[in-house]
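Working notes for the structure below.
Just so it is clear, none of the values below were taken in a lab; they were calculated from the coordinates. Model, not experiment: these values are computed from the prediction. Here the Cβ is made from the backbone with ideal geometry for all residues, glycine too, and neighbour counts use every protein chain on show.
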Amino acid sequence: MRTLSKVREFAGEASNALFNKQQAVTVTLRLLEMEANDPNNTPEESRILKTAISKAEFRYLDLTRTDTDTLLDSLGVARFTTQDIVSAVEDIIFNAQ
């Protein structure tokens, strides 16, 4: 798999950003879509990335299911880092291969 240029760009530009759950999910999916739409993809890379999009689940970002987790989510607390999102994208792609 080639270098994920859009993910690397995001990691650089949003290095200190925090995201709430909805934002983190949206950014994760958008990054996967942007990588999948890269015209430099090989057919195999395109296939893997499209599979990754179809298999993306929130568990790649957060497995926590506590009352505190629910409270933080209901308040829209920003607690997902850029690195959390980058790691989720990489894990989703790895599992799609």
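Let's test the formula: R0 of 22 Å, r as the Cβ-Cβ distance of THR3 and LEU29. What FRET efficiency results, to the nearest 0.05?
Working: r = 20 Å, r/R0 = 0.91.
So, using R0 = 22 Å, E works out to roughly 0.65.
Express the relative contact order of region 5-96 as a whole percentage, based on alpha carbon pairs under 8 Å and six or more residues apart in sequence.
Numbers: 86 pairs, mean separation 45.5, N = 92.
About 50 percent, as a whole number.
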**Item:** region 38-97-region 1-21 distance, computed between alpha-carbon centres (Å)
**Value:** 12
**Request:** At 37 °C and 0.692 mPa s, grab the translational diffusion coefficient of the chain from Stokes-Einstein with a Kirkwood Rh over Cα pairs, rounded to a whole number in µm² per second.
**Result:** 237
